[in-house]
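The values are calculated or read from the model by the stated rules, or taken from the named source; none is laboratory data. As the structure is a computational prediction, the values presented were derived from the model and not from experiment. Here the Cβ positions follow ideal geometry from the backbone for every residue, glycine too, while neighbour counts run over all protein chains shown.
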Amino acid sequence: MVTSDHGAPVPAHGRTPEAAQPGAGDSQPGDDKIQEAVEVAAKVAEETGGLGRPGRPLDRRSPFFVGMTAAAGVAVTYGLVELLIRARGVLVLIGLALFIAAGLDPAVTWLSNRRLPRWTAVLIVLVAVLGVGAVFLATAIPPLTAQATLLAHQLPHYLHALRDPHSELGRLNDRYHIESRLQKLLTSRGSSIVGGVLGAGAVVLSAATSLLVVIVLTVYFLAGMPQLKLFLYRLAPHSRRARVILLGDEIFTKVGGYVLGNVITSAIAGLGTYLWMLAWGIPYPALLGLLVALLDLIPVIGSTIGGAIVTLVALTVSVPVALATLAFYVAYRVAEDYLLVPRIMGRTVQVPAVVTVVAVLLGGALLGLVGALVAIPAAATIRLLIQEITFRRMDRS
């Protein structure tokens with residue numbers, strides 16, 4: 001009979017763990033203590049029918065526990081930061097797809113309220129958006145192909161003129177040695193040029209892959225937007241869930257209003273460009289009109305880039321036409337900033353002009369074109385949260 005630490009006798013019969021079985025080998029100092037612990041474990045297993053009762057919890061105020069907790073917190077934080085840095089590109093694509101889905105969700109909801117299934121409404125909106133891209137490509141490919149074919153046909157003529165000392169190109173070649181410089185460039189840096197072409201091809205392939213990922217994610221987000229909203233709202237405590245739902249719905253409304261207003265202003269910019277180019281005989285009016293409409297989706301800088309491109313194309317007509325086109329885009333930019341945008345998006349987004357410019361600059365510096373695109377609704381969201389949460393708490397304090 002062996003007594004336990006509490007003085008109670010422990011019978012030798014009952015369920016005995018495997019460690020209690022005798023094994024080969026000489027006994028070591030302390031084996032009696034181990035045998036005693038094994039028999040106590042057998043007694044506990046027999047009484048409880050399991051693994052026994054848990055012991056007292058660890059002292060969370062002990063220096064060891066505090067140090068381990070702090071180290072674990074630092075390790076987890078470092079891991080999360082490293083994950084965000086490594087997955088930055090994917091997270092940007094996910095955020096862009098969620099932004100586009102939130103912007104298209106009002107159109108899908110409007111169609112769903114007309115007794116259409118949600119998947120049908122999503123399909124209609126998706127076909128409409130892809131149709132715009134298809135029209136742009138169908139308009140852009142023929143002139144680009146024609147210009148490339150014309151350049152290929154004119155290339156032998158340019159080479160002949162380059163070697164003719166009586167032509168303008170020949171005189172420039174005699175003065176600046178253009179032909180020899182081109183041959184030297186192709187000979188010494190041919191591999192670099194090939195590498196640059198391959199690098200450009202890789203960039204195009206990466207952009208196409210990213211575009212496909214954004215389209216697929218946008219479709220999934222659009223189809224499951226109601227369930228996604230409910231999931232996000234359930235992350236809030238029950239006592240504050242109603243308030244979070246109201247704020248969340250207002251944020252989604254602002255994003256949808258911004259996207260709709262941006263599409264309207266872009267359509268006006270594209271239509272104005274098309275009519276102006278038709279009136280002055282500038283080539284490729286449909287293509288450049290669509291290009292200006294797409295570029296105008298980027299706030300602040302989009303219409304400026306589009307106007308510069310159209311002005312350069314207008315130089316092929318005449319210098320006065322180019323100057324008139326430049327004046328037209330300056331006037332349109334002023335009208336868009338002070339007339340169209342306040343009337344179309346001012347009521348839904350409600351972001352001051354100074355905040356708009358600062359937000360677009362910061363967004364473009366952080367995330368490029370994607371950051372510039374989502375900067376205004378992000379600023380509207382931050383402004384809403386500050387007004388509804390921070391200012392109210394500060395006023396009550």
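Filter the range 116-129 down to the residues that are under 23 Å from Leu288 (Cα atoms) and either outside any helix (DSSP H, G or I) or free of Cβ contacts under 8 Å to residues at least 12 places away in the same chain (or both) and list them by number.
Residues of the range 116-129 that are under 23 Å from Leu288 (Cα atoms), as a first pass: 127-129.
Matches in the range 116-129: Val127, Ala128.
In the set (1) modelled with pLDDT of 85 or more; (2) within 30 Å of Gly261 (Cα to Cα), the condition left unmet by Thr139 is number (1).
The residues listed here are Arg88, Arg118, Arg114; of these, the one that is among the charged types (D, E, K, R), at pLDDT 80 or above and closer than 25 Å to Gly371 by Cα is Arg88. Contact map, the range 100-115: residues that are closer than 18 Å to Leu130 by Cα and acidic (Asp, Glu) paired with residues that are in a helix (DSSP H, G or I) and at pLDDT below 90, Cβ distance under 9 Å, separation 6+ or inter-chain. Pairs shown: Asp105/Phe252; Asp105/Val255; Asp105/Gly256.
Restricting attention to the range 301-321, which residues are among the small types (Gly, Ala, Ser), assigned to a helix (DSSP H, G or I) and surrounded by fewer than 19 Cβ atoms within 10 Å (Cβ to Cβ)? Before the answer, list the steps.
If we filter the range 301-321 for residues that are among the small types (Gly, Ala, Ser), which is where we start, we get 302-303, 306-308, 314, 318.
Of the ones still in play, those that are also assigned to a helix (DSSP H, G or I) are 302-303, 306-308, 314.
Selection gives Ala308 alone.
Residues in the range 233-251 that are surrounded by 12 or more Cβ atoms within 10 Å (Cβ to Cβ), part of a helix (DSSP H, G or I) and not acidic (Asp, Glu): 8 in all.
The listed residues are Gly256, Gly261, and the only one of them that is surrounded by 15 or more Cβ atoms within 10 Å (Cβ to Cβ) and in contact with a Gly (Cβ under 8 Å, 6 or more places away or on another chain) turns out to be Gly256. Within the range 364-373, does at least one residue satisfy the condition of being farther than 17 Å from Val92 by Cβ and assigned to a helix (DSSP H, G or I)? Among the residues of the range 364-373, not one is farther than 17 Å from Val92 by Cβ and assigned to a helix (DSSP H, G or I), which makes the answer no.
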